[in-house]
Amino acid sequence: MSTNQPSRCPFEHIKNPDLEAEQISETAELTVKLLDKRYPPPAQILRGVHPKSHGCVKGIFTVSPDIPPELQIGLFAEPGKQFDAFLRFSNAAALVGPDIDNTGKHGSRGMAIKVLDVGGEVLIDDNGANNQDFLMINQPVFAFANSKDYLRLDRVLDQQDDKADGFFAPLQLQNPAITEEQRRNILAYIEAEDISAEDIQRIADSFKIVGEIQSTPVANPLGVQYFSAAPFLFGQDRVMKFSAKPCAEVPPTEIPNPPAANYLRDALIEAVNRSDDLHFDFMLQVRGEGEDFGIDNEAIENASSEWDEALYPFVKVAKITIPAPQPEVDSDENIAHCENLAFTPWHSLVEHQPIGSINRLRKSVYQASSEHRLQRKDSFVQFLKKTFKSLFC
Ligand code: HEM
């Protein structure tokens with residue numbers, strides 16, 4: 001993987017918030033540390049987040065033939081142009097578990113698109129290829145606003161056995177039922193982490209978003225809308241968020257009762273094995289020219305802030321086709337291929353550079369996660385080869 005430097009983002013150099021560089025490097029280190037704890041050798045290391053795959057499918061990404069001229073930028077420069085693509089559907093949860101947990105809570109679902117061989121100039125190449133990755137979740141906002149909050153989450157996961165509850169502890173100060181000792185501990189935590197009143201407001205926002213995720217049922221990963229949540233450049237002077245929305249209802253549309261542990265995978269396999277192709281509209285919300293989207297702007301720096309669709313409506317710019325049937329989706333080869341892929345928002349044309357605090361954080365963290373898991377995999381394969389050789393030679 002090589003990186004094109006310097007970055008061409010007009011906002012990147014203006015002013016990164018204090019301590020951001022330190023926050024990013026500590027989060028990348030914690031990502032690797034958490035992976036080592038979750039997957040002690042010789043276990044195969046899975047992704048730092050979104051480790052559970054429902055399946056990887058082949059797709060075709062077609063720029064709309066009638067895309068408005070003002071949106072013909074970057075990947076969307078040529079009306080009607082077609083690209084091959086891979087799509088991976090996943091659960092965001094850091095640990096692989098049942099799709100609905102044993103308390104009946106749902107989770108965040110992911111859709112990652114790798115648009116292949118897009119030409120142009122990319123920020124980071126993908127093993128030598130110029131690919132454009134689009135990573136999305138099934139909520140229009142991300143649960144953690146910025147790199148400061150995400151680091152605090154990772155520290156809690158590290159110290160509290162991969163459980164996130166401690167991140168929300170400051171909200172318990174309002175709870176009259178807590179004991180004096182619990183109150184003292186929470187206050188000590190707030191002081192140690194230098195948590196301000198503004199930070200506590202954002203923790204309350206995160207809590208609300210997590211509650212929404214946990215109560216959002218998804219029957220079929222191919223049947224729901226996904227969002228970038230975070231913003232990206234759209235050329236030199238505009239910014240965008242993107243979304244993929246199924247063009248029609250995709251059966252199965254009901255969650256089985258009781259739900260099987262991997263019912264989302266079952267639904268995906270069933271849907272791609274029918275004879276009808278599946279389609280998503282790929283849409284953009286674009287803001288820009290003259291509007292203030294500078295570095296202090298919530299709309300860019302807070303990934304939990306939603307762009308009002310009434311002001312910034314989604315406009316269709318492309319179509320994703322998933323040709324059916326794809327019986328090979330469930331094959332060992334395809335599953336292995338899917339594990340070997342690495343998606344990052346930084347596999348991107350310069351025109352669509354990721355921006356905002358969460359996206360700056362993602363650059364090193366995705367690299368740390370994918371390099372670590374793929375390295376272990378390679379050394380494990382070498383180890384197996386050597387062992388078999390010494391046994392049989
Ligand atoms: C708008 C916010 C975000 C969205 C929409 C998003 C979405 C996704 C999706 C869909 C995947 C799965 C990619 C695949 O199928 O391989 C993924 C992977 C991942 N995400 Fe995020 N994510 C977001 C923010 C973050 C943040 C803030 C972090 C941590 C700093 C993070 C860390 C990771 C990691 C480590 C992986 C796995 C990388 C690998 O090993 O290949 N994500 N994300």
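Within region 26-63, how many residues turn out to be surrounded by fewer than 20 Cβ atoms within 10 Å (Cβ to Cβ) and either within 20 Å of Asn130 (Cβ to Cβ) or away from the ligand (no atom under 14 Å from the Cβ) (or both)?
8
Could you tell me whether region 145-163 includes any residue that is under 24 Å from Ile255 (Cβ atoms), within 18 Å of the chain's Cα centre (by Cα) and within 16 Å of the ligand (Cβ to nearest atom)?
Taking every residue of region 145-163 in turn, none turns out to be under 24 Å from Ile255 (Cβ atoms), within 18 Å of the chain's Cα centre (by Cα) and within 16 Å of the ligand (Cβ to nearest atom).
Condition first: at pLDDT 95 or above, within 9 Å of the ligand (Cβ to nearest atom), out of contact with any Asp or Glu (no Cβ under 6 Å at 6 or more places or on another chain) and not charged (D, E, K, R). Can you find one or more residues in region 345-352 that meet it?
yes
Could you tell me whether any residue of region 185-200 is touching a residue at least 24 places away in the same chain (Cβ under 8 Å) and not in a loop (DSSP other than H, G, I, E, B)?
yes
Does region 354-364 include one or more residues that are within 16 Å of the ligand (Cβ to nearest atom), over 27 Å from Arg202 (Cα atoms) and of a type in the set (Val, Ile, Thr)?
No, region 354-364 contains no residue that is within 16 Å of the ligand (Cβ to nearest atom), over 27 Å from Arg202 (Cα atoms) and of a type in the set (Val, Ile, Thr).
Residue-by-condition table, conditions (1) modelled with pLDDT under 95; (2) surrounded by fewer than 13 Cβ atoms within 10 Å (Cβ to Cβ); (3) touching a Leu at 6+ places or on another chain (Cβ under 8 Å):
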site: Phe314; (1), (2), (3): no, no, yes
site: Ile320; (1), (2), (3): no, no, yes
site: Lys363; (1), (2), (3): no, no, no
site: Ser369; (1), (2), (3): no, no, yes
site: Lys386; (1), (2), (3): yes, yes, no
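Collect the residues in region 93-136 that are in contact with a Lys or Arg (Cβ under 7 Å, 6 or more places away or on another chain), near the ligand (Cβ under 9 Å from one of its atoms) and of a type in the set (A, V, I, L, M, F, W, C), keeping them in residue-number order.
Passing the criteria: only Ala112.
Mind checking which pairs have a first residue in region 357-375 that is hydroxyl-bearing (Ser, Thr, Tyr) and a second that is within 6 Å of the ligand (Cβ to nearest atom), Cβ under 7 Å, 6 or more apart or different chains?
Final answer for the pair search is Ser369/Thr31; Ser369/Arg47; Ser369/Gly48; Ser370/Ala342.
Can you tell me which residues in region 41-71 are under 18 Å from the mean Cα position of the chain (by Cα) and without any contact (Cβ under 8 Å) to a residue 60 or more places away in the chain?
Result: Pro51, Lys52.
Per-residue answers, yes or no, for (1) under 29 Å from Ile73 (Cβ atoms); (2) touching a helix residue (DSSP H, G or I) at 6+ places or on another chain (Cβ under 6 Å):
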residue: Gly97; (1), (2): no, no
residue: Asp101; (1), (2): no, no
residue: His106; (1), (2): no, yes
residue: Ala112; (1), (2): yes, no
residue: Asp125; (1), (2): yes, no
residue: Gly128; (1), (2): yes, no
residue: Gln132; (1), (2): yes, yes
residue: Leu135; (1), (2): yes, no
residue: Ala143; (1), (2): no, yes
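Go through Ser206, Ser275, Ser196, Ser228 for me and flag whichever is polar (S, T, N, Q), crowded, with 18+ Cβ neighbours inside 10 Å and over 16 Å from Asn91 (Cα atoms).
Ser206
If Glu181 satisfies all but one of (1) in contact (Cβ under 8 Å) with a residue 40 or more places away in the chain; (2) away from the ligand (no atom under 16 Å from the Cβ), what's the number of the condition it fails?
(1)
Which one is farthest from the chain's Cα centre (by Cα), of the residues in region 334-348 that are over 18 Å from His372 (Cβ atoms) and of a type outside the set (Gly, Ala, Ser)?
Asn334
Select from region 239-278 the residues that are closer than 14 Å to Arg109 by Cβ, of a type in the set (A, V, I, L, M, F, W, C) and free of Cβ contacts under 8 Å to residues at least 40 places away in the same chain and list them in ascending order.
Val250
The values are calculated or read from the model by the stated rules, or taken from the named source; none is laboratory data. Being a predicted model, the structure only gives us computed values, none of them experimental. Cβ: placed from backbone, ideal geometry, glycine included. Neighbour counts: every protein chain shown.
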